[in-house]
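The values are calculated or read from the model by the stated rules, or taken from the named source; none is laboratory data. The structure displayed is predicted, hence computed values, not measured ones. Glycine gets a Cβ as well: all are built from the backbone with ideal geometry, and neighbour counts include every protein chain shown.
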Amino acid sequence: MNIYTTSIGSLGKDNSEETVKNISVTNCYITNSQNGVRIKTWATGSGLVSNVKFDHIDMNEVSNPIIIDQFYCPHNNCNNNNVNSELLISDVTYSNIKGTYNTGTPAVYLNCSKKMPCVNITIVDVQLEGKTTVSSVCENASGCLGEKIQPQVTGLGKGSSQFLDYLSKKGVICTNT
């Protein structure tokens with residue numbers, strides 16, 4: 001399927017509580033887009049995003065390939081500088097994602113809340129080539145970095161032992177343990 005972008009959100013606007021579960025995005029081609037695969041929440045919201053899978057995604061000239069943003073604020077017009085989202089993001093998998101990105105922004109940008117960190121994030125077989133390489137951003141996120149990751153992703157905290165055991169039984173080798 002050819003698409004412009006895949007975005008879950010904006011969730012939690014105006015202090016609302018929202019739940020999104022069991023989403024699978026597979027076999028997509030995203031081209032000439034600002035965003036590739038994104039989860040975005042307002043800092044003021046609460047709720048849950050869980051069991052989300054982005055698999056077999058091809059990208060061409062995407063500005064921001066992989067994003068979780070728990071401080072979404074369009075046009076920088078929000079009063080949420082000191083607010084940390086209470087919306088839990090868990091069990092998100094990025095696998096078999098390949099292609100190019102076209103800006104000096106990070107290929108992987110996980111900006112999660114201190115109050116409700118993102119957990120059980122899995123990144124496996126991600127091959128993205130950019131015109132310039134910028135370090136990844138992984139704030140308040142933990143999980144598993146699998147093999148075959150380009151560009152290098154740093155800062156993703158080690159997932160729980162139960163989570164890592166589960167992945168090991170599925171044959172996933174985590175390199176950040």
Problem set entry | Selected residue (only one of V49, V83 is over 25 Å from V134 (Cβ atoms), assigned to a loop (DSSP other than H, G, I, E, B) and free of Cβ contacts under 8 Å to residues at least 60 places away in the same chain) | V83
Exercise. Can you find a residue in the stretch 19-35 that is at pLDDT 95 or above, among the charged types (D, E, K, R) and buried (at least 16 other Cβ atoms within 10 Å of the Cβ)?
Worked result: no
Problem set entry | Candidates V92, V108, V153, filtered to the one that is aliphatic (A, V, I, L, M), in contact (Cβ under 8 Å) with a residue 12 or more places away in the chain and in contact with a Gly (Cβ under 9 Å, 6 or more places away or on another chain) | V92
For this session: Select, from T41, T93, the only residue that is among the polar types (S, T, N, Q) and buried (at least 22 other Cβ atoms within 10 Å of the Cβ).
Result: T41
Exercise. Can T44 be described as out of contact with any strand residue (DSSP E or B) (no Cβ under 8 Å at 6 or more places or on another chain) and either part of a loop (DSSP other than H, G, I, E, B) or closer than 28 Å to Y166 by Cβ (or both)?
Worked result: yes
For this session: Look through the stretch 107-153, keep the residues that are part of a strand (DSSP E or B) and of a type in the set (D, E), and return whichever of them is nearest to A43 (Cα to Cα).
Result: E139
